[in-house]
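The values are calculated or read from the model by the stated rules, or taken from the named source; none is laboratory data. Computed from a predicted model, the values in this text were never measured in an experiment. All Cβ positions, even for glycine, are placed from backbone atoms using ideal geometry, and neighbour counts span all protein chains on display. The accessibility values were calculated without ligands, DNA or RNA, using every heavy atom of the protein model including side chains. Shrake-Rupley method; radii C 1.70, N 1.55, O 1.52, S 1.80 Å.
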Amino acid sequence: MTMVRTTYYVEADAPIAKVAKEIAAEQSTGTWTEVAAEKEVHEKLGAHVVSAEGNTVVIDFPVEIFEPDNVPQILSVVAGNLFGLGGLKACRLMDVDFGPLTKYYNGPEFGIEEVRKILGVYDRPLVGTIIKPKVGLSPKRTAEVAEQAALGGLDLIKDDETLTDQKFCPLEERLTMVMDRLHKVEDRIGKPCFYAVNVTCGADMIVERAERAVELGANMVMVDILTAGFSAVQALTDEKIGVPIHIHRTMHGALTRGKYGIAMPVISKLTRMCGGTNLHTGTYAGKMERNVCEIDASRDILRKPWAGYKRVWPVSSGGLYPQKVRENLDCYGIDVILQAGGGIHGHPEGTTVGVKAMFQAVEAWQQQKTLEEYAKTHKELAGALKQWGPSQ
């Protein structure tokens with residue numbers, strides 16, 4: 001019998017073996033009391049406890065219990081009612097072996113190699129930014145900020161997670177103005193730049209909105225995957241919209257932090273299965289709370305060979321600026337997107353200079369030089385060191 005194996009971190013007052021059996025029953029064929037036909041279906045569709053030791057519970061679910069191309073249903077099995085069981089003091093879904101289900105998912109239309117080819121960049125990490133302030137700018141001001149960023153040679157510019165199609169900055173007007181500026185910059189400096197326009201919306205509209213964005217010239221779209229749902233990204237991939245999909249993980253902390261939830265590696269696997277090209281996975285040094293082991297795991301899940309899927313970019317973002325580059329690149333290597341917002345726009349000499357300072361921090365890392373040493377001959381980096389202090 002083919003199984004989907006899941007791993008949970010569990011805390012409870014009752015013996016761990018007893019709790020494990022309760023979880024397996026709740027998520028498959030059982031309930032709190034005996035009912036007719038339970039024994040009849042249990043052998044075929046019942047989940048089975050593989051092990052329950054310490055705080056780790058491993059459970060196998062028969063593949064037949066899943067609707068294999070339906071992520072909402074899959075999550076209802078492996079991450080459903082169990083979190084509400086009264087006897088639990090903590091419960092986190094740490095890992096799922098999706099191997100038996102991967103054939104039902106296409107994976108990304110664009111991966112690391114395709115993006116590098118479009119940009120013509122092969123020997124360094126990508127450097128990106130977020131339009132700041134995150135909301136409030138008009139389409140014209142958004143385009144001006146994007147232009148200043150692109151002039152520094154940036155690889156990717158993205159909307160922030162809360163900017164979609166508000167009245168103060170309508171999506172179509174914003175997109176056409178930004179792309180017009182980016183094409184002019186490309187003509188000037190000879191290098192393209194992605195703009196990840198945020199098409200996040202309801203399931204009934206997202207494919208239409210993304211396709212309209214591509215019609216208007218979008219070269220990348222962005223989706224808030226946890227608020228829109230994994231199936232939203234899957235729908236865009238299945239429709240082959242023809243551009244990379246940047247995945248923001250906003251709301252992830254509600255799932256990945258605390259005693260109850262879903263660990264980031266599981267989210268990373270589902271993102272790659274459903275077709276994301278880039279996924280925010282956290283910083284090894286930055287402003288956000290971090291679990292280094294889970295960042296390591298997510299990084300490897302996105303980039304290692306798996307099910308024939310294209311490799312996906314991890315995105316290091318959240319309080320990133322030149323002084324934080326080295327620690328992140330030491331752990332990520334060059335197949336990563338360094339996404340800096342305030343760390344670029346907050347440079348005392350402006351956005352374009354801030355971009356150059358970020359690139360110079362990357363160059364210093366590649367040449368195994370300290371930032372202070374490299375800043376002696378690179379004034380943009382020197383300005384960043386003056387603004388935010390010495391390297392750390």
| query | Which of (1) 42, 24, 17; (2) 34, 25, 23; (3) 37, 21, 20 is the computed semi-axes √(5λ) of the Cα gyration tensor in Å for the structure on display? | reply | (1)
| request: Count charges around Cys91 for me, please; just the other residues with Cβ under 10 Å from its Cβ, Lys/Arg as +1, Asp/Glu as -1. | output: +2
| remark: Of the residues Thr6, Ala263, Gln360, the Cα lying farthest along the dipole of the chain towards its positive end, which is defined by charges on the beta carbon of Lys, Arg, Asp and Glu, belongs to Gln360
| note | By the Cα gyration tensor axes a ≥ b ≥ c (a/c under 1.5 gives rounded; else a/b larger than b/c gives prolate, otherwise oblate), the shape of region 328-392 is oblate
| note | Quick calc: nm separation of the 7 Å Cα→Cβ label points for Val63 and Glu34 -> 3.4 nm
| field | Mean projected area in nm² (Cα convex hull; one quarter of hull surface) for region 134-233 | value | 5.9 nm²
| task | Using the Karplus curve 6.51 cos²θ - 1.76 cosθ + 1.60 with θ = phi - 60°, work out ³J(HN,Hα) for each residue of region 271-282 in order, rounded to whole Hz, and write x for Gly and Pro. | result | 4, 5, 4, 7, x, x, 8, 10, 9, 5, 10, x
| Any idea of the accessible area per residue across region 237-392, 1.4 Å probe, to the nearest Å²? | 39 Å²
| said: In the chain, if the dipole is taken from +1 on Lys/Arg beta carbons and -1 on Asp/Glu beta carbons about the Cα centre, which of Ala235, Val197, Gly46 is farthest to the positive end? | reply: Val197
| message | Positive end of the dipole of the chain, charges at C-beta (+1 Lys, Arg; -1 Asp, Glu), about the Cα centre: which of Ile334, Pro68, Ala213 has its Cα farthest in that direction? | response | Ile334
| How much of Tyr8 can a 1.4 Å solvent probe reach, expressed as accessible area in Å² and rounded to 10? | 0 Å²
| message | Need the C-alpha centroid separation for region 195-244 versus region 40-80, integer Å. | response | 31 Å
| Rg and Dmax of region 265-392, Cα atoms only, in Å | 15.5, 47
| What nm distance separates the two modelled labels at Ala90 and Asn55, each placed 7 Å from Cα along Cα→Cβ? | 0.3 nm
| Debye equation applied to the C-alpha atoms of region 36-192, log10 I(q)/I(0) at 0.17 Å⁻¹ | -1.01
| request: Could you pull out the pairs from Lys134/Lys269; Lys324/Lys356; Lys140/Lys184; Lys191/Lys310; Lys140/Lys379; Lys158/Lys386 whose alpha carbons sit more than 19 Å apart here? | output: Lys134/Lys269; Lys191/Lys310; Lys140/Lys379; Lys158/Lys386
| query | Sorted by accessible area with a 1.4 angstrom probe, largest first, how do Lys132, Lys304 fall? | reply | Lys304, Lys132
| field | Which of Met251, Met273 is most accessible, then next, and so on - probe 1.4 Å | value | Met251, Met273
| Debye, to nearest 20: dipole size of region 1-151, +1 on Lys, Arg Cβ, -1 on Asp, Glu Cβ | 780 debye
| said: Given a 1.4 angstrom probe, what's the average accessible area per residue across region 163-233, in square angstrom? | reply: 44 Å²
| query | What's the center-to-center distance, using Cα atoms, between region 95-148 and region 346-392 in Å? | reply | 24 Å
| Rg/Rh ratio calculated on Cα atoms of region 1-113 (Kirkwood radius) | 1.01
| note | In a Gaussian network model of the chain with springs linking alpha carbons closer than 10 Å, the residue among Glu144, Glu34, Glu26 that fluctuates most is Glu34
| field | Placed amide H near Arg311: partners under 5 Å, 5+ positions off or other chain | value | Ile112, Glu113
| said: Ranking request for peptides 306-314, 194-202: highest mean number of other beta-carbon atoms within 10 Å first, then the rest in descending order. | reply: 194-202, 306-314
| request: Mind listing the long-range amide H neighbours of Tyr195? Cut-off is under 5 Å, sequence gap 5 or more, other chains count too, H placed in the peptide plane at 1.01 Å from N. | output: Ile157, Asn219, Met220
| Please state the Cα pair-distance histogram of region 125-185 with 5 angstrom bins from zero: what percent is in each bin? | 4, 20, 33, 25, 13, 4, 1, 0
| field | FRET efficiency, 1/(1 + (r/R0)^6) with R0 51 Å, evaluated for Glu349 and Cys293 via beta carbons | value | 0.85
| Once the other residues with Cβ under 10 Å from the Cβ of Val199 are scored (Lys, Arg +1; Asp, Glu -1), what is the net sum? | -3
| request: For every helix of n ≥ 4 consecutive DSSP H residues, a contribution of -39,500 (n - 2.57) applies; sum these over the chain, divide by its total residues, and give [θ] at 222 nm rounded to the nearest 500 deg cm²/dmol. | output: -11500 deg cm²/dmol
| remark: Rounded to two decimals, the Debye log10 I(q)/I(0) of region 238-330 (Cα scatterers, no solvent) at q = 0.14, 0.15, 0.25 Å⁻¹ is -0.52, -0.59, -1.36
| said: Using the Cα centre of the chain as the reference point, and only Cβ charges (+1 on K/R, -1 on D/E), how large is the resulting charge dipole? Debye, rounded to the nearest 20. | reply: 1260 debye
| task | Pop out the Kirkwood hydrodynamic radius of region 273-318 from its pairwise C-alpha distances, inverse of mean 1/r, in Å to one decimal. | result | 11.1 Å
| query | How big is the antiparallel share of DSSP beta bridges in the chain, given as a percent to the nearest 5? | reply | 40 percent
| field | Burial ranking of peptide ranges 360-371, 317-328 (average Cβ count within 10 Å, highest at the top) | value | 317-328, 360-371
| task | Treating only the Cβ atoms of Lys and Arg (+1) and Asp and Glu (-1) as charged, compute the dipole magnitude of region 80-214 about its Cα centre; round to the nearest 20 debye. | result | 400 debye
| task | Can you send over the carbon and sulfur percentage of the accessible area for the chain, probe radius 1.4 Å, protein chains only? | result | 51 percent
